Amino acid sequence: MRNIFGNTEGLKADPLRRLGNLYRRRVPKEFLITPDQAREIAGLSHDIGRQIGLLIDRTGKVFYVIVGDAAQIVIPDTPEHRTVPGRLKGLRCVHTHLKSEPLSSDDLTDLALLRLDMMAAVTLTETGGPDQIHIAHILPTGSPEEPCRVLKPIPPTELDIGFTARVRALEQELAHIRSLYTGKKGQERAVLVSVSTAPRREAEDSLDELKELARSGGLHVVDTVLQLRKKANPRFLMGRGKLQELNLLALQQGVSLLIFDQELNPSQIRSITDQTDLKVLDRTQLILDIFAQRAQTREGKLQVELAQLKYLLPRLVTKNTAMSRLTGGIGGRGPGETKLEINRRRVRDRINRLEKSLSGVLKQRKQQRAKRSKKGLPIISIIGYTNAGKSTLLNTLTDSEVLAESRLFATLDPSSRRLRFPRDLEVIITDTVGFIRDLPRDLMVAFRATLEELNSADLLLHVIDIGNPRFEEQIASVEQILSDLDLEGISVIRVLNKQDLLDAESVNTLQRIHGGIPVSATDRTSLLPLIEKMETEIGNRIPSP
């Protein structure tokens, strides 16, 4: 039967017919429901011993009839009624309570999480008639302690509550509150969330980096939430109460996106999206989205799409709506601006085609390396943490104009230039994609064609941003990735970049502790010691004639 949600097993023909009849009449716009509908759901609920619920849209149409059990109903997902920032859902839920009890904590949680227009409970008399109607709505200026306003119970004869006017007033108040928070027009607004079992400092550093990633991806970060736990909740990472707080914050400040610092498994994505209409991403998908924005060459686009589809494939086991919220905007780039509920067979077919295309890229790169090898030109590859200054160093060394911006992953497609040393020694110097802590595995696999370029390098320049307070952790991350790529046998020169941000004594101390050569990548005169070191290293590797 159309739009009946829940377990109707065991119900006889008459109750099923009465459930179907609940669709017939529209609700007048100022009524919560009609008195006749209140009597019908109360009587039916009494007869079958189960809670009955109605989801009603703003035109007064009954959108869903929900059959629960004696204690609760489960509100179905409603993809036709997605919320937009600063707005309510456009649906109200009116359901029965078999006993004379007010709205439960679960009722109020669903109201806040799903952004319903209103939540109402019809209590029953002993004979199965409607007794009182308990009503609540979201409080636009609410707090985590009081997100909703519970109204005084009303009798079933007073259901003309000015419903439409009340909802309009609520949304006007929400719009006013949202207007107090600024952000660039068209920019998605996000809340960043970390639920960590790590020490506070480590968790805060990771969340700060997530904030940089979000801004690099073109997001407006409204707020960050850090929750330290001994053990993460296996379903939601955090508790439902905290998720309710986030939903209220999102509603009040026009947020459309939750980004988790931790990678979410398929079941967690499903559990969280079951509880909120917000778009949900994790750190991995944000990085993949940034890569999708930056990819310029055909090769780069192929690699990003492959990584995104490999990320998506295991998550297609979740319900379709969890993935549909990733369509468009942040997290929806790469495999086209199409629905991501594509079936698994099509995804696998596309992955196979991409891998074949990238195999062709690998062959081309091997041919290019063979040609360079014949010419006998040494190769120097610039590596380092993202935003450490690699592209700026390449530009200053070679008088080039490779894109260099102060944001994460400004460079995605590798760039190569020729560099001639004072002793008439010529080399090829290559800029590479930046590394990052916990670089997604699928991204490393997809970018193997790019990363394999490092295998042919005669020398690696490890650029380190010593002005970053987390540079030691960044060094460890880069060296771990080099180890994972089996590149530990290649000579490395540490380049301590951005020395101009520190005093001379601090720079000397860092050089003594970490080795390397201090430079300021924007100042060519500061690069002379580095150039001499590079020339010596390369000269030692070229056999004498």
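The values are calculated or read from the model by the stated rules, or taken from the named source; none is laboratory data. Please read these numbers as outputs of a predicted model, since none were measured by experiment. Positions of Cβ are generated from backbone atoms using ideal geometry, with glycine treated the same way; all protein chains shown enter the neighbour counts.
Points worth noting:
- All positions within segment 204-251 that are of a type outside the set (Lys, Arg), more than 14 Å from the chain's Cα centre (by Cα) and either part of a loop (DSSP other than H, G, I, E, B) or in the same structural domain as Arg87 (by TED's automatic domain parsing) (or both): Ala232, Pro234, Phe236, Met238, Gly239
- Enumeration of residues in segment 254-275 that are more than 16 Å from Ala198 (Cα to Cα), modelled with pLDDT of 80 or more and not aliphatic (A, V, I, L, M): Ser256, Asn265, Pro266, Ser267, Gln268, Arg270, Ser271, Thr273
- Applying the set (1) outside any helix (DSSP H, G or I); (2) modelled with pLDDT under 75; (3) not aromatic (Phe, Trp, Tyr) to Lys366 leaves exactly one unmet item: (1).
- Residue within segment 252-259 that is within 30 Å of Ala175 (Cβ to Cβ), assigned by TED's automatic domain parsing to the domain that holds Val225 and assigned to a helix (DSSP H, G or I) present: yes
- Candidates in segment 236-251 are the residues that are touching a strand residue (DSSP E or B) at 6+ places or on another chain (Cβ under 7 Å) and more than 17 Å from Leu174 (Cβ to Cβ); of these, the one that is surrounded by the most Cβ atoms within 10 Å (Cβ to Cβ) is Leu237.
- Within segment 204-235, the set of residues being crowded, with 16+ Cβ neighbours inside 10 Å, among the hydrophobic types (A, V, I, L, M, F, W, C) and touching a Lys or Arg at 6+ places or on another chain (Cβ under 8 Å) comprises Leu210, Leu213, Leu219, Val221, Val222, Val225.
- Among the residues examined, Asp107 qualifies as surrounded by 22 or more Cβ atoms within 10 Å (Cβ to Cβ) and either basic (Lys, Arg) or within 24 Å of Pro147 (Cα to Cα) (or both).
- Selection status of Ile56, outside any loop (DSSP other than H, G, I, E, B) and either within 18 Å of Pro156 (Cβ to Cβ) or touching a Lys or Arg at 6+ places or on another chain (Cβ under 7 Å) (or both): yes
- A single member of Asp282, Asp261 is closer than 27 Å to Pro147 by Cα and without any contact (Cβ under 8 Å) to a residue 24 or more places away in the chain, and it is Asp282.
Yes/no matrix, rows are residues, columns are (1) modelled with pLDDT of 95 or more; (2) small (Gly, Ala, Ser); (3) under 16 Å from Val94 (Cβ atoms):
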| residue | (1), (2), (3) |
| --- | --- |
| Gly128 | no, yes, no |
| Ala136 | yes, yes, yes |
| Pro140 | no, no, no |
| Ser143 | no, yes, no |
| Ile154 | yes, no, yes |
| Thr157 | no, no, yes |
| Glu171 | no, no, no |
